[in-house]
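Take a look at the structure set out below.
All of the numbers you see were taken from the coordinates with simple rules; none came from a lab. What you see is a predicted model, and the numbers here were worked out from it, not measured in a lab. With ideal geometry, Cβ positions are generated from the backbone for all residues, glycine too; neighbour counts draw on all protein chains shown.
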Amino acid sequence: MRRYLEFVGNIGLFALTAVRRLLAPPLELQMTLRQIEVMGWKSLPLVVSAGFALGLVLSLHTRNTLVRFGAEGLLPTVQALAFFNDIGPLVTGLLVAGRVGAGIGAQLANMRASEQIDAIEVLSIDSFKLLVIPRIVACSVAVPILTILMDVAGLAGGYVAQCLTSHISAGLFLFRAFTNVSWATFIPPTVKTAVFGALVGLVSCYFGYTTNEGAEGVGRAAMNSVVISSLAIILSDVVLVKLIFFFFPETAA
Amino acid sequence: MSGDRHPAVAFRDVTRAFEGRTVLRSVSFDVAPGEVLCLIGRSGMGKSVTLKLLIGLMKPDAGAIYVGNENIVDMEENQLSKVRRRMGFLFQSAALFDSMSLYENLAVPLKRLLDATPDAEIEAIVRKNLEDVGLGNDGHKMPGDLSGGMRKRAGLARALMLDPQILLVDEPSSGLDRVTEAEIDALLLRVREKDNSTMVIVTHDIREARRLGGRIAVLDQGSLIAIGSLEELAANENALVRALVSEA
């Protein structure tokens with residue numbers, strides 16, 4: 001219990017330091033853009049292919065149920081709402097936690113173990129500002145963009161599955177998909193993924209940056225980054241969904 | 001620390017413990033400007049910790065650490081950063097940034113700290129420093145492509161990028177063959193001759209301390225048990241000091 005509280009306290013302080021240093025110069029724009037490229041662009045194939053497959057599977061699963069109730073025509077709507085509301089944001093967050101979180105944790109822990117972080121400090125460069133802030137910002141920016149692409153890929157997967165069974169036109173599929181979708185059902189769940197991104201960045205940077213256990217610590221930092229950031233995403237989703245319902249009651253209807 | 005001429009660096013009763021184990025116990029020493037001090041001792045006796053304390057990577061539990069006339073112990077990070085600009089550090093592992101080429105590794109401090117320096121000038125300085133350590137044709141290589149000796153030389157070149165007045169060197173010869181070891185020592189001596197830098201060098205190898213000259217300080221069980229010239233240490237009453245010095 002004490003260890004758990006200590007961990008929560010330490011990561012809380014780490015987060016506070018990150019917030020305090022976020023806008024302090026230098027802004028490290030170049031490093032941030034580089035991290036967005038590394039995290040976002042390189043995660044794209046994973047996110048898009050996973051989204052397409054999920055869309056396909058979701059369509060195949062829900063089709064039979066909807067047919068039984070004579071509501072087959074609602075399939076594109078169900079597909080769109082499921083992806084926009086939670087499948088897209090949550091799965092993207094978890095995929096990024098797995099791919100990027102492990103990468104950040106291992107990379108920073110390796111830099112710590114090989115004294116590269118000390119070397120940055122010795123060169124009078126603020127290592128926290130250079131290594132931690134750009135990664136957190138990059139995750140916050142990249143995850144919402146990846147979520148949108150996951151949503152698009154999911155709809156594409158659903159359309160392909162529909163085509164195979166009912167030869168629906170793309171125009172009709174999209175019309176039905178977006179019939180019940182308002183900005184309120186799309187924007188808030190997508191924006192909440194910026195929080196998922198920040199959590200992945202924060203948790204992974206915390207484990208990587210603060211580890212001091214040599215080579216063994218590298219593996220542990222990578223594993224902890226994935227496990228804790230995945231858990232943080234799922235737990236925060238509960239709170240964020242509640243907040244979305246509170247501020248946008250029409251989404252709960 | 002009064003008087004006109006301050007030591008380049010000084011430890012005053014510095015104590016540091018890790019998880020209840022005291023690594024340094026009330027250690028005091030001075031290093032004069034332009035002097036070379038070699039810290040020797042058995043493994044785990046606090047030699048590398050001493051260097052990290054000297055450059056502010058760690059804080060002592062007690063005592064004062066002076067760089068020039070400034071006590072760095074209670075300094076804020078931005079003040080410490082200014083002090084560090086006068087210092088260079090060669091890490092035991094060289095600590096090159098493995099995502100950057102050798103050229104980029106050396107250019108980093110100049111690009112980050114000297115905003116107004118034109119790229120052409122930075123390039124000229126980096127090329128010169130690489131040539132000085134015999135890596136003139138290797139700037140494009142990644143750290144992973146370098147041998148241990150080349151990494152050490154590259155680390156030294158990077159440590160010298162900001163023309164430091166004080167150079168801290170952690171185990172310059174560890175993991176190297178004798179020929180490469182002597183080459184690194186020759187480089188350090190050349191730097192000393194050229195820039196008259198103050199050097200604090202951690203080594204476990206008395207042959208190296210002998211080659212580099214200057215005074216030798218012996219750390220054992222967290223205490224500074226002897227400090228002086230090689231001849232003085234050879235005549236020391238402590239058997240461990242004599243044993244460490246006579247290992248050549």
### Task
Determine the dipole magnitude for region A:50-191: charges of +1 sit on the beta-carbon of Lys and Arg, -1 on that of Asp and Glu, nothing else is charged, the reference point is the Cα centre, and the result goes in debye to the nearest 20.
420 debye
### Message
Per-residue Cβ counts within 10 Å, from other chains only, averaged over B:88-94: what number is that?
### Response
4
### Task
Take the alpha carbon atoms of region A:62-95, find their center, do the same for region B:181-200, and report the distance between the two centers in whole angstrom.
69 Å
### Message
Please list log₁₀ I(q)/I(0) at q = 0.14, 0.15, 0.16, 0.31 Å⁻¹ for region A:200-253, using the Debye equation with identical point scatterers on the alpha-carbon positions.
### Response
-0.49, -0.53, -0.56, -1.07
### Message
Just checking the output field for A:107-120: average partner chain Cβ neighbours within 10 Å of each residue's Cβ?
### Response
5
### Summary
Plugging the Cβ-Cβ distance of B:Leu189 and A:Ile234 into 1/(1 + (r/R0)^6) at R0 = 51 Å yields, to the nearest 0.05, a FRET efficiency of 0.30
#### Entry: 15 Å beta-carbon shell around A:Ile87, net charge (K/R +1, D/E -1)
-2
### Summary
Between B:Gln221 and A:Glu213, Cβ-based FRET efficiency (R0 25 Å, step 0.05) works out to 0.50
### Task
Compare A:Cys205, A:Cys163, A:Cys139 in a GNM of chain A, Cα atoms joined below 10 Å, and give the one with the largest fluctuation.
A:Cys163
### Task
Could you tell me, in Å, what Rg and Dmax come out for the Cα atoms of chain A?
20.5, 69
### Query
Over all distinct Cα pairs, what is the inverse of the mean 1/r for chain B, reported as the Kirkwood hydrodynamic radius in Å?
18.7 Å
#### Entry: Derived scalar couplings ³J(HN,Hα) [region A:123-128; Karplus, 6.51 cos²θ - 1.76 cosθ + 1.60; whole Hz; x for Gly, Pro]
7, 6, 10, 6, 5, 5
### Message
Need one number: the % of Cα-Cα pairs in the protein assembly as shown sitting beyond the 44 Å mark.
### Response
31 percent
### Query
Kirkwood Rh over Cα pairs of region A:58-130 into Stokes-Einstein at 10 °C, 1.306 mPa s: D in µm²/s?
99 µm²/s
### Cross-link reach list, lysines versus B:Lys59, counting only Cα pairs under 18 Å and skipping chain neighbours closer than eight places
B:Lys47, B:Lys82
### Message
Around B:Gly144, under 13 Å between beta carbons, what's the net of Lys plus Arg minus Asp minus Glu among the other residues?
### Response
-1
### Message
On the Cα set of region A:163-227, report Rg and Dmax in Å, please.
### Response
21.2, 58
### Message
For B:Val133, B:Val108, which order do you get if you count the other beta carbons within 10 Å of each Cβ and list the fewest first?
### Response
B:Val108, B:Val133
### Task
Name the residues whose placed amide hydrogens come within less than 5 Å of the amide hydrogen of B:Leu37, ignoring near sequence neighbours (fewer than 5 apart) on the same chain.
B:Met199, B:Val200, B:Ile201
#### Entry: 19 Å cut-off, amide nitrogen to a point 7 angstrom out along B:Phe18 Cα→Cβ, residues in region B:209-229
B:219-224
### Task
Please work out the C-alpha center-to-center distance from region B:128-174 to region B:35-102 and express it in whole Å.
18 Å
## Note on the structure
quick shape note, region A:143-253: Cα extents on principal axes in Å, largest first -> 58, 36, 18
### Query
Net charge near B:Ala8, counting Lys/Arg +1 and Asp/Glu -1 over other residues with Cβ under 12 Å of its Cβ?
-1
### Query
Roughly how tilted is helix B:102-113, in degrees to the nearest 10 and between 0 and 90, from the longest Cα axis of chain B?
80 degrees
### Query
So which residue, out of A:Gln162, A:Gln116, A:Gln30, gets the largest mean-square fluctuation from a GNM of chain A using Cα contacts under 10 Å as springs?
A:Gln30
### Query
Which value at 222 nm does chain B reach when only helices count, each DSSP H run of 4 or more adding -39,500 (n - 2.57), with the total divided by all residues and rounded to the nearest 500 deg cm²/dmol?
-11000 deg cm²/dmol
### Rounded, prolate or oblate (a/c below 1.5 giving rounded, otherwise prolate when a/b exceeds b/c) for region B:10-86 by Cα gyration tensor
oblate
#### Entry: Shielding by other protein chains, A:121-131, mean Cβ within 10 Å
6
### Per-peptide average of other Cβ atoms within 10 Å, ordering B:141-148, A:17-24 highest first
B:141-148, A:17-24
### Task
With the cut-off at 21 Å, report for region A:23-145 the share of all Cα pairs above it, as a whole percent.
53 percent
### Task
Could you sort B:175-183, A:142-150 so that the peptide with the highest average Cβ count within 10 Å comes first and the rest follow in order?
A:142-150, B:175-183
#### Entry: Value of Rg/Rh across region B:167-227 [Cα atoms, Kirkwood radius]
0.97
### In sequence order, calculated HN-Hα J values of region A:162-174 (Karplus, 6.51, -1.76, 1.60; Hz; x Gly/Pro)
5, 4, 5, 10, 10, 6, 6, 7, 4, x, 5, 4, 5
### Task
For a footprinting-style exposure proxy, rank A:Met39, A:Met1 by other Cβ within 10 Å, fewest first.
A:Met1, A:Met39
### Query
Where in region B:1-89 are there GluC sites (Glu not before Pro) that are in a DSSP coil and have at most 12 other Cβ atoms within 10 angstrom of their Cβ?
B:Glu19, B:Glu76
### Message
Which residue fluctuates most in the GNM of chain A (Cα springs below 10 Å): A:Gly158, A:Gly217, A:Gly70?
### Response
A:Gly70
#### Entry: ³J(HN,Hα) computed for each position of region A:152-160 - Karplus, 6.51 cos²θ - 1.76 cosθ + 1.60, integer Hz, glycine/proline x
4, 5, x, 5, 4, x, x, 5, 4
